[in-house]
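This report refers to the structure that appears directly beneath it.
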Amino acid sequence: MSELENLFNDDLNYKPVSVLKLVHCEARTVPKTIFSRVFISKIVSSCPFDVIENDALSSIQSLYELNLQFTAFSTIPKAINNLKYLKHLFITDGKLTQIDPELQNMASLQSIKLARNHIRQVSSKAFSRTLNVKVIDLSHNELIHLHPGTFNECAGLKKINLQKNSLTSVDSLFNVYSLLDINLRDNNLESIDDAFQHDLRLEILNLGMNPLKNISESTLGPNIKQLQELILDQCQLAFLPPKIFQHLAKLEKLDLSFNRLTSLPTEIFHSLHNLKEINLQENRITHLNDVFSQNYRIESIKLCENLIQTCEGYFNDLGYLKYLDLRDNQLGALTKQCFSKSLFIHTLLLSKNSIRRIDKDAFTSLTELKNLTLDSNMIRFLNGSIRNLGELEVLKLHNNLFEEIGDSELSHLPKLRLLNLARNHLSNVNGAFRNLINLRHLIITQNKLTRLTRRTFPEEFRIEKMSVSGNKWICDCRLNWILNLKTGKDLAGQFRCIKPVMFHGKKLDQLVEMDQNILSEDCSPLCQCTCVTKDNDYYVRVDCSRKGLTQIPAVLPEEIGELHLQDNRLTSLSDLDKHSLERLRYLNVERNLLDKLDCNLSKNLETLMLARNRFQRFPTNFPSNVSTWTLSNNYWLCDCKAIAFLKFLKTEKSKVKDINSIKCSDIEGNPELYGKTIRFLTVYELCPEKGVSFLKEQFHID
């Protein structure tokens with residue numbers, strides 16, 4: 001008994017079988033009695049049959065689909081021809097070499113798929129009586145020629161697939177009006193001038209990967225005016241006539257990618273008023289002029305891998321444009337004129353150009369933009385161009401020349417979820433991501449970053465994936481916050497320490513928190529810098545006291561919260577303006593030689609210690625947030641100009657720690673006031689020549 005016969009035991013006698021699948025079998029013959037006692041609707045087989053005996057299928061007239069793979073016969077067996085009610089015939093991946101008129105009696109067939117065989121010859125009568133067939137697939141065979149009229153009697157035919165053959169001509173082959181879809185992709189067609197001589201309902205025509213080189217203006221004539229999709233990619237086209245598409249008013253999709261086009265006639269697309277998608281990828285186009293000026297409904301334009309040098313004026317008034325791909329061109333600058341009238345673009349791809357400059361208002365009008373790629377350019381500055389893109393979700397800036405991202409460059413981007421800044425020259429991103437409240441994926445690999453502070457991110461840290469490898473991380477207290485995250489352990493494994501020397505080569509997750517209390521960099525050798533942890537964050541305490549300093553140290557770390565400069569010989573604080581003191585809350589400059597506050601102090605300053613210096617007049621340029629003072633043992637002049645100081649001491653006495661030690665100096669003024677405590681003086685004592693009533697009214701002092 002054969003392998004196939006063993007499958008049919010007594011249990012299946014006269015029982016209906018919906019689908020019979022024969023896989024992993026070695027049977028080569030289908031005997032004539034094999035299906036005599038079985039009712040089957042569908043057979044799917046991968047057996048290497050080389051023989052199907054003539055009456056083997058006669059008993060299963062209920063069969064509506066026959067799907068045979070990997071068969072070894074060279075022609076369609078006559079046994080199949082007897083299946084008069086079969087609707088779907090698939091013989092694929094086999095060894096068929098020709099199709100004779102075996103299918104003539106199969107009037108019920110609706111689809112015929114004979115793909116991936118070795119068919120070289122098809123009889124002119126092969127499909128002469130298959131009146132109901134809708135789909136014929138002869139793709140991936142070895143056809144060189146098909147007789148004109150081969151499909152003429154297939155009155156209901158809708159789709160023909162002849163892809164991947166070696167056809168050199170299809171003249172007069174397509175004469176069936178009902179045809180909707182013709183696939184001639186990847187043949188050897190050099191001309192299609194006489195292919196469409198009769199009216200067709202054709203909607204889809206694929207001519208890609210044929211050596212057409214030239215197409216005449218009359219080729220795509222009124223006989224195919226219903227066409228909605230035309231594919232002409234990889235056809236070696238170097239030129240297109242200006243009116244080649246003039247009859248295709250219903251065309252919605254056009255693919256001209258991977259050709260040799262260097263320019264396009266201005267009016268070439270003007271008749272395509274329904275065009276929605278056009279693909280011009282990988283040509284040699286240098287300019288576009290007004291080719292899209294009449295394509296008001298266009299939604300997608302692919303122009304990547306061309307030689308376009310400017311984008312100004314090409315995309316005006318395209319109110320439906322949503323997708324624009326300009327990757328891999330030669331764009332040097334992005335200006336307001338590029339996209340100002342394309343208001344609804346949601347995807348803008350500008351990677352792999354030569355962009356050096358982005359104007360501030362380049363993207364201002366793109367209020368619907370969701371995806372922006374600017375990677376692989378030569379951009380150093382964003383120039384405020386990205387701000388306020390409220391719908392932006394993806395921003396790719398990798399492979400550029402950024403050295404720093406300012407803390408306001410990425411503001412007002414509430415929906416940004418992915419940001420890629422890899423492979424730049426970034427050394428500072430402090431505060432850059434603070435406003436990105438919905439950021440989920442951040443990539444900053446392969447930069448020159450040494451630190452990443454918690455304050456760089458929003459108060460609620462919501463990033464799910466962060467890539468940070470390939471930087472020069474300094475593993476000290478400024479990275480402590482990473483370990484406190486829910487996913488901190490996994491993230492910490494990406495931080496490989498470069499400094500301090502004792503941690504070189506280690507990963508952050510290999511260090512204990514005590515190790516990281518050291519602040520190893522950017523600290524003057526004259527000072528001591530340490531980290532202070534506070535509320536899941538930290539600040540830096542810098543102690544430069546008692547060092548005999550005559551000027552502010554040139555090197556100070558960022559994130560300073562406390563700065564101790566007491567007991568030195570400083571005469572000026574102006575050099576503090578050279579340092580980042582945004583977080584400074586405590587400043588002690590007692591016991592120096594200062595006579596003025598000649599610097600811009602942080603608005604966050606809370607404590608200011610000025611005792612034992614040479615101040616004669618109370619400084620008025622202090623931050624309003626200061627709540628703790630020392631002011632004693634200075635050279636305070638007690639005269640009319642000190643009235644404002646007196647008012648301050650009386651109204652803010654709770655803030656001044658040494659208020660009872662703040663006294664009038666003896667260097668000039670009224671000798672009767674020398675050594676007196678200023679807070680107890682009256683306005684009249686300071687300035688007797690002023691009328692007491694006027695002073696009370698002016699300064700509201702009792």
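If you go through the stretch 8-41 and keep only what is part of a loop (DSSP other than H, G, I, E, B), among the charged types (D, E, K, R) and either at pLDDT below 75 or surrounded by 14 or more Cβ atoms within 10 Å (Cβ to Cβ) (or both), you end up with LYS15, ARG28, LYS32, ARG37. Considering each residue of the stretch 630-642 in turn, none proves to be assigned to a helix (DSSP H, G or I), touching a Phe, Trp or Tyr at 6+ places or on another chain (Cβ under 6 Å), surrounded by 14 or more Cβ atoms within 10 Å (Cβ to Cβ) and at pLDDT 90 or above.
Taking the criterion of being under 18 Å from ASP186 (Cα atoms), surrounded by fewer than 18 Cβ atoms within 10 Å (Cβ to Cβ) and polar (S, T, N, Q), the residues of the stretch 201-251 that qualify are ASN214, GLN236.
What residue, among those in the stretch 534-556 that are in contact with a helix residue (DSSP H, G or I) (Cβ under 9 Å, 6 or more places away or on another chain) and under 19 Å from ARG585 (Cα atoms), is surrounded by the fewest Cβ atoms within 10 Å (Cβ to Cβ)?
ASN536
Going by the conditions given, is PHE174 farther than 25 Å from ALA107 by Cβ, in contact with a strand residue (DSSP E or B) (Cβ under 9 Å, 6 or more places away or on another chain) and at pLDDT below 95? No: the conditions fail for PHE174. Here GLN330 clears all of (1) in contact (Cβ under 8 Å) with a residue 24 or more places away in the chain; (2) surrounded by 22 or more Cβ atoms within 10 Å (Cβ to Cβ) except the condition numbered (2).
Looking at LYS95, LYS113, LYS134, just one residue is more than 24 Å from PRO148 (Cα to Cα) and of a type in the set (Lys, Arg), and that residue is LYS95.
With PHE344, PHE433 as the choices, which residue is aromatic (Phe, Trp, Tyr), part of a loop (DSSP other than H, G, I, E, B) and either modelled with pLDDT of 95 or more or closer than 30 Å to ARG583 by Cβ (or both)? After applying the criteria, what remains is PHE433. Only one of the numbered conditions (1) free of Cβ contacts under 8 Å to residues at least 40 places away in the same chain; (2) in a loop (DSSP other than H, G, I, E, B); (3) surrounded by 19 or more Cβ atoms within 10 Å (Cβ to Cβ); (4) over 29 Å from the mean Cα position of the chain (by Cα) is violated by ILE285, and that is (4). Right, CYS531: in contact with a Phe, Trp or Tyr (Cβ under 7 Å, 6 or more places away or on another chain), surrounded by 15 or more Cβ atoms within 10 Å (Cβ to Cβ), within 16 Å of GLU562 (Cβ to Cβ) and modelled with pLDDT under 80 or not? Answer is no for this residue. Annotation for the stretch 323-337: at least one member residue is out of contact with any strand residue (DSSP E or B) (no Cβ under 7 Å at 6 or more places or on another chain) and outside any loop (DSSP other than H, G, I, E, B). Check whether at least one residue in the stretch 147-156 is in contact with a Pro (Cβ under 9 Å, 6 or more places away or on another chain) and surrounded by fewer than 22 Cβ atoms within 10 Å (Cβ to Cβ), and report yes or no. Within the stretch 147-156, none of the residues are in contact with a Pro (Cβ under 9 Å, 6 or more places away or on another chain) and surrounded by fewer than 22 Cβ atoms within 10 Å (Cβ to Cβ).
So that you can scan it fast, the table gives a plain yes or no per residue for (1) of a type in the set (Asp, Glu); (2) buried (at least 16 other Cβ atoms within 10 Å of the Cβ); (3) within 18 Å of the chain's Cα centre (by Cα):
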{"position": "LYS253", "(1), (2), (3)": "no, yes, no"}
{"position": "ILE308", "(1), (2), (3)": "no, yes, no"}
{"position": "LEU326", "(1), (2), (3)": "no, yes, yes"}
{"position": "ASN353", "(1), (2), (3)": "no, yes, yes"}
{"position": "ASP359", "(1), (2), (3)": "yes, yes, no"}
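Number of residues in the stretch 436-479 that are of a type in the set (D, E, K, R), in a loop (DSSP other than H, G, I, E, B) and surrounded by fewer than 18 Cβ atoms within 10 Å (Cβ to Cβ) equals 7.
The values are calculated or read from the model by the stated rules, or taken from the named source; none is laboratory data. Keep in mind that what you see is a predicted model, and the values were worked out from it rather than measured. Cβ atoms come from the backbone with ideal geometry, glycine included; neighbour counts cover every protein chain shown.
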